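First the structure, in the form of structure tokens, and then the observations on it.
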């Protein structure tokens, strides 16, 4: 099984960890040694009984020679949709100046979106105004 074939079916992190380790022909002990931990802790990660810290997760990705995204996400779970992928592919063929212009435009639109998001008051957290009664 190759890494490309690993993600045909949805897998959880423990399943991916175990599959990648086996694909590289590492025993659990060898893998634990590579990431500097006791084998019993690696077994807990592979069973789903425990989750690694960020530091350990990083060491796991390095030991398996894969990206953190590959360990966490399904294919196509992250990244642009197909239409944007085609547009980004086209942008990658532009010269440096044209590509910089596109990047500047995208950054500007994202800043406008963030500004709008941060200046809007959420309606769900708004406190009701106290009612006054006339006497």
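Numbers at a glance
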| quantity | calculated |
| --- | --- |
| For segment 87-103 versus segment 33-60, the gap between their alpha-carbon centres in whole angstrom | 41 |
| For segment 3-72, radius of gyration divided by Kirkwood radius, i.e. Rg to Rh on alpha-carbons | 0.92 |
| Burial ordering of 93, 34, fewest other beta-carbon atoms within 10 Å first | 93, 34 |
| For a label point 7 Å along the Cα-to-beta-carbon line of residue 15, residues of segment 27-49 with backbone N under 20 Å | 43-49 |
| Amide N of segment 44-76 lying under 13 Å from the label point, which is placed 7 angstrom from the Cα of residue 30 along Cα→Cβ | 64 |
| Rounded FRET efficiency, nearest 0.05, which uses the C-beta distance separating residue 78 from residue 105 and R0 of 22 Å | 0.45 |
| Ranked list, fewest to most other Cβ atoms within 10 Å of each Cβ, for 57, 73 | 73, 57 |
| Residues residue 44 and residue 88, FRET efficiency given R0 of 35 Å [Cβ-Cβ distance, rounded to 0.05] | 0.35 |
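Computed from the coordinates by the stated procedures, all read-outs in this text should not be read as laboratory data. Everything numeric here is computed off the predicted structure, so don't read it as measured data. Positions of Cβ are backbone-derived with ideal geometry, glycine not excepted, and every protein chain shown enters the neighbour counts.
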